[in-house]
Amino acid sequence: EFLTAFAVPSILQDKRGNMWFATFGGGLLKRSHAEINYSVNRFEHFSSKDGLGNNRIWSLMQDREGNLWVGTYGRGVSKLISRTYKIFTKKNGLSDDFIWSVIQDKNQNIWVGTNGGGVSVIPFRNVSGVHIDKFPTLNEKTGLADNRVYYIYEDPQSNIWLGTGGGLTIVRYNQ
């Protein structure tokens, strides 16, 4: 069984009811909403051969437009649009290529928690992939408890909570 061969660090049900499974080494698996009959084991497989940044995946997030964001371990974030990928890495603005978490805030900015580079914020105007040298970054120098950001959460008051290797950081976000 494919799913038992790899760790599954993240699971997401998208807006259409499809189930997505991030694997650490086996890429991304999708189980169609139409096939959520648990006696049938049919998965669509997405991998680096298809354009995914890396087959080692830690996190999944679906944005408001329905695109899937895939946080990889070593090759940044892959944005899946239909069957094509836009890959964000250190080369085009992220603070690190090892990604633990990804969220979209109420202003549609994408927050990317990394394994040593703090958190990068991809401004909404850049989610289409417009090149900029470096995305805004929060790190230890700017007050972050630790540069390893494992979890990101936005509360109803738009505060951003960052679970880091050195404790909790709260970003008061008033825009």
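Each reported figure results from applying straightforward, stated rules to the coordinates on display, with no laboratory input. Predicted, not measured: the structure shown is a model, and the values here were computed from it. As a convention, Cβ positions derive from the backbone with ideal geometry for all residues, glycine included, and neighbour counts pool all protein chains shown.
Structure data summary
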| read-out | value |
| --- | --- |
| Label-point separation, Arg125 to His33 (7 Å along Cα→Cβ), nm | 3.4 nm |
| Packing rank of 82-94, 103-115, where each peptide gets the mean count of other beta carbons within 10 Å, highest leading | 103-115, 82-94 |
| For segment 113-122, 3J(HN,Hα) per residue [Karplus equation, 6.51 cos²θ - 1.76 cosθ + 1.60, θ = phi - 60°, Hz, x = Gly/Pro] | x, 10, 9, x, x, x, 10, 9, 10, 8 |
| Rounded FRET efficiency, nearest 0.05, which uses the C-beta distance separating Gln13 from Glu140 and R0 of 35 Å | 0.50 |
| Separation in nanometres of the label points that stand 7 Å from Cα toward Cβ, at Asp155 and Lys91 | 4.0 nm |
| About the Cα centre, charge dipole magnitude for segment 61-175 (Lys/Arg +1, Asp/Glu -1 at Cβ), debye | 340 debye |
| Which label in [x] 19.3, 65; [y] 16.0, 52; [z] 27.2, 88 gives the computed Rg and Dmax of the Cα atoms in Å | [y] |
| In the chain, lysine pairs with alpha-carbon atoms under 18 angstrom apart (chain gap of 8 or more, or interchain) | 13 |
| Sequence-distant residues sharing a close amide H with Tyr151 (under 5 Å, placed H) | Gly163 |
| Residue-wise HN-Hα coupling along segment 47-55, computed from phi with Karplus coefficients 6.51, -1.76, 1.60 (Hz; x: Gly, Pro) | 9, 4, 5, 8, x, 4, x, 6, 7 |
| Computed FRET value (nearest 0.05) for Phe43 with Ile81, which takes r as the C-beta separation and R₀ as 25 Å | 0.75 |
| Amide proton proximity set for Leu60, modelled H, under 5 Å, gap of 5+ | Gly71 |
| Label-zone membership for segment 52-68, site Gln108, 7 angstrom Cα→C-beta point, backbone N under 11 Å | 64-66 |
| Which of Val70, Ile110, Ser82, positive extreme of dipole for segment 47-145 (C-beta unit charges) | Ser82 |
